[in-house]
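Just below is one structure, and these are the notes that go with it.
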Amino acid sequence: MWVKQIVMALIGLSAGSIVAGGLFGFVVSLGIVSDFADRTGTANRIGLYEDAVAVGGILGNLALLYEFPLTMFSPFLGLFGIFSGVFVGCWALALAEVLNVFPIFLRRINVTKGIGFVILGIAVGKVLGASVYFFFGW
Amino acid sequence: MSVTKEILYIKGDQNVEVKSQDVTLGDLVSMECAQEHVLSKVKSLKFLKIPDQGKHRYVVSILKMIECIHKEYPNLEIQNVGATDIIVTYEGTKQKNRVWEACQVTLVVITCFIGAAFAIMAFNNDSGVPEIFEQIYEQFMGKKAAGFNILELTYSIGLGLGIIIFFNHFGKKKFTVDPTPIEVEMSLYENDIQTTLIAQSSRRGQELDVGKTNSNGSHRS
């Protein structure tokens, strides 16, 4: 019996560490955190930001798997929503940026001016899309 | 005032921040010359005058600096071993607001924390990690899992380990001397920004280069 437990423990450990490497490598190489640090001019605090990502990842995983009751944090539910929204919004656009979507499209359709409006359009579209998704319960 | 054929080596970083409005060559590049007095003279040559205390950014060609040195020492041979285009930034005299900076840091920390928590939750949920664990447990033990088991526990430990090993540090404690992944990403990002600034300024003809009379830098917004 304990052999099976050990094998399962190995599975769990390996799965966890590989998922961590994959997911957080993805988050970092999309450059979301370094973008934040650059926009706010606080590149000297990168260590702190990395710690925040690490702790967030560990606690978020525990909270989801073990279904911890978080009722004492209920006043901060809106905070969770808005910050996770900001993060995912940056993530989505960073992904498009890494895949060179914008330069390629803008070059193909010969757009050189009004790139700001293109970005605005994407943002409004994302917000509308998310609203429709949640409103109609897709 | 001709000198014997001496060689002056100059080396500049691609990105220089200046503090005073009178910019000398010594502020922009480091240099080395066998003749001490030439070196100190060249270092103190005035190169650029920043017109007001606002934020300014210039892109300067190294040729412009060489021209500036040649005006004083026409016979000096100059070897550039550094960048060929240098971004000069003047941040103005305004002090950075500490409270505002603390607010920004807090906001970024919260976004990173909650964002990472959300990302791992979304991943676990999307790939059905709890269901996979349930199935693995059942296949191994031949019965349904009653509550949580070793899989969740070790997965969580593995995840924590993986994250910390990936980021290569926790708090102040670093595990190897390598820079952390975000530090690497940050320096790549800064390189991209510098390349873009130089390309933009040379496309618009704003670069301070030889054969041009312009001296107006771009106003930073």
- What's the exposure ranking of B:CYS112, B:CYS68, going from fewest to most Cβ atoms within 10 Å? B:CYS68, B:CYS112
- Query: Counting pairs of alpha carbon atoms under 8 Å apart in space and at least six apart in sequence, what relative contact order in percent does chain B give?
  - Reply: 26
- May I ask you to sort A:VAL86, B:VAL184, A:VAL28 by Cβ crowding, counting other Cβ atoms within 10 Å and putting the fewest first? B:VAL184, A:VAL86, A:VAL28
- Message: Given axes a ≥ b ≥ c from the Cα gyration tensor, I'd like to know whether the protein assembly as shown is rounded (a/c under 1.5), prolate (a/b larger than b/c) or oblate.
- Response: prolate
- B:ASN15-A:PHE80 FRET efficiency (beta carbon distance; Förster radius 35 Å; 0.05 resolution): 0.40
- Item | Loop-resident sites, region A:63-138, for trypsin sites (Lys or Arg not before Pro), counting at most 12 other Cβ within 10 Å (DSSP) | A:LYS113
- Query: How big is the convex hull of the Cα atoms of region B:7-94, per residue, in Å³?
  - Reply: 79
- Over the protein assembly as shown, what is the percentage of antiparallel beta bridges among all DSSP beta bridges, to the nearest 5? 65
- Message: Which one, B:TYR58, B:ILE86, B:CYS68, is farthest towards the positive end of the dipole of region B:7-94 when Lys and Arg carry +1 and Asp and Glu -1 on their Cβ?
- Response: B:TYR58
- Task: Convert each backbone phi in region A:106-120 into a coupling constant with the Karplus relation 6.51 cos²θ - 1.76 cosθ + 1.60 (shift: θ = phi - 60°), then list the ³J(HN,Hα) values in order as whole Hz, x for Gly and Pro.
- Result: 5, 6, 4, 9, 6, 9, 10, 10, x, 5, x, 5, 4, 4, 4
- Task: Based on other C-beta atoms within 10 Å, arrange A:TRP138, A:TRP91, B:TRP100 from fewest to most.
- Result: A:TRP138, B:TRP100, A:TRP91
- Heads up, region B:66-143 by the C-alpha gyration tensor (a ≥ b ≥ c square roots of eigenvalues; a/c under 1.5 rounded, else a/b over b/c prolate, else oblate) looks oblate
- Under 10 Å from the Cβ of B:GLN21, count the other residues' Cβ atoms, weight Lys and Arg +1, Asp and Glu -1, and hand me the total. 0
- Query: Which shape class, rounded, prolate or oblate, goes with region A:1-90 when its Cα gyration tensor gives a ≥ b ≥ c as root eigenvalues, a/c under 1.5 marks rounded, and past that a/b bigger than b/c marks prolate?
  - Reply: oblate
- Query: Counting Lys and Arg as +1 and Asp and Glu as -1, each charge on the Cβ, what is the dipole of the protein assembly as shown about the Cα centre in debye, to the nearest 20?
  - Reply: 720
- Applied in sequence order to region B:52-67, the curve 6.51 cos²θ - 1.76 cosθ + 1.60 (Karplus, θ = phi - 60°) yields integer Hz couplings, x standing for Gly and Pro, of 9, 8, x, 7, 9, 9, 10, 10, 10, 7, 5, 4, 4, 5, 4, 4
- Query: Where q = 0.24 Å⁻¹, what log10 of I(q)/I(0) comes from the Debye formula for region B:98-200, counting one point per Cα?
  - Reply: -1.27
- Query: Under a point-charge model restricted to the Cβ atoms of Lys and Arg (+1) and Asp and Glu (-1), what is the dipole moment magnitude of region B:1-158 relative to its Cα centre, in debye to the nearest 20?
  - Reply: 560
- Message: Exceeding 18 Å between C-alpha atoms, which entries from my cross-link table qualify? They are B:LYS96/B:LYS173; B:LYS11/B:LYS43; B:LYS5/B:LYS64.
- Response: B:LYS96/B:LYS173; B:LYS5/B:LYS64
- Query: Which whole-number percent of Cα pairs in chain B have a distance greater than 26 Å?
  - Reply: 60
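A short reminder: the numbers here are calculations on the coordinates, not readings from a lab. A quick note: this is a predicted structure, and the numbers were derived from the prediction, not measured. All Cβ positions, even for glycine, are placed from backbone atoms using ideal geometry, and neighbour counts span all protein chains on display.
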